[in-house]
Amino acid sequence: MIDQRHNAPRRYFVDAQGHRVLIGLSLEETAEFEALDLASTETVQIMAEAGGGKVAPVDDVRWLELYSKHEGAWRVWIAQSQAVRTQDLGFVNYA
C-alpha cells in the first residue's frame, strides 16, 4: 500500500498577504469556518468533560454551508488538476 499522507493535495492556497484560504471560500469565509469549527470542537470537549448532556449546536447550519461550498470547489479543482495532468502526459498514446 502506498502512503498518501504526505502526497495529498492541499485544500487551501496562500494569498498574496500570506493568509491561508480554503479553496472555494473567501478569506473572511475561511476565518468564519475555522472559528465555527473551533467553537464546535470546544463545545464537544466541554460536553465530554461535563459528563455529556445536550448543548445547542454552535451554528451547524452555517458551518455545513461553508464546508459544502469548500468541498464542491475543491472537488472541481481536483478534477481540473487531474485533467491538466493527463494532458501533460505527451508520451501516452491514447489512440
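By how many nm would the segment from Val61 to Phe13 lengthen if fully extended, with 0.36 nm per residue of separation less the alpha-carbon distance? Kindly include the intermediate steps, with their values, before the conclusion.
Numbers: separation 48, 0.36 × 48 = 17.28 nm, distance 2.48 nm.
So the chain would gain 14.8 nm between Val61 and Phe13.
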Given H placed on each backbone N at 1.01 Å, which residues far from Ile23 in sequence or on other chains put an amide H within less than 5 Å of it? Tyr12, Phe13
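Values in this text are rule-based calculations from the coordinates and carry no lab data. What you see is a predicted model; the values in this text were computed from it and never measured.
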